[in-house]
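**Q** Dropping a structure here in structure tokens format, bear with me for questions.
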Amino acid sequence: MNAIEMAMKMEQEAVDFYTQCAGRTKNPVGKKMFLSIVEDEKYHIACAMNVQKGKRFAPAEATPLEDMKKVFDNHKQDMLTQVPSTADELDAFRVAMKMEGDSIAFYKKAASQAATAEEKNFFDCLIKDEEEHFSIFQNTYSFLSDTGNWFMWEEHSIVEG
């Protein structure tokens, strides 16, 4: 299995896991966050298929952090209505952070060994997106485990990876 095929497999596993997480999450903002990242991962799969076919790669117009900012802006009231997070939900965020970290490491290696400039560009974009996903999960985990950290989102001080 080459790096592009492995990327498609990893991204599909992320789609499957994050879709399951969204279905189990009671917190409405957490649910929207998982679904937003599912869409990012589906886009990555489509891009990987295009790169594999030798087509030009074009990164998404909006970054994951920009998309997530919209989710949080549109659901401020939901966030102010505290829905206690379960241990399972918090565990899902820990698993998600591990998955994103593993993806970042794999994509960095794949970028350094890319056969074409288009592949390198693709993997570099994946690295950036997955680093943003990691930051989103990390900040959401902090918010759900300690809602006093709400100011991180409200004041736009999202940790950038």
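The values are calculated or read from the model by the stated rules, or taken from the named source; none is laboratory data. Just so it is clear, the structure is predicted and the values come from calculations on it, not from any experiment. Please note: Cβ atoms are built from the backbone with ideal geometry, for glycine as well, and neighbour counts cover all protein chains shown.
**Q** Identify, please: which residue in the stretch 3-39 is farther than 25 Å from GLN52 by Cα and of a type in the set (A, V, I, L, M, F, W, C) and is, among those, farthest from the chain's Cα centre (by Cα)?
**A** This residue is VAL29.
**Q** Looking only at residues that are touching a helix residue (DSSP H, G or I) at 6+ places or on another chain (Cβ under 8 Å), surrounded by fewer than 17 Cβ atoms within 10 Å (Cβ to Cβ) and among the charged types (D, E, K, R) in the stretch 40-68, which one is modelled with the highest pLDDT?
**A** Among them, the one singled out is LYS42.
**Q** Which residues, taken from the stretch 120-157, are of a type outside the set (Ser, Thr, Tyr), at pLDDT 75 or above and crowded, with 22+ Cβ neighbours inside 10 Å?
**A** PHE122, PHE123, LEU126, ASP129, GLU130, GLU132, HIS133, ILE136, PHE137
**Q** Which one is surrounded by the fewest Cβ atoms within 10 Å (Cβ to Cβ), of the residues in the stretch 15-33 that are at pLDDT 90 or above and not polar (S, T, N, Q)?
**A** GLY23
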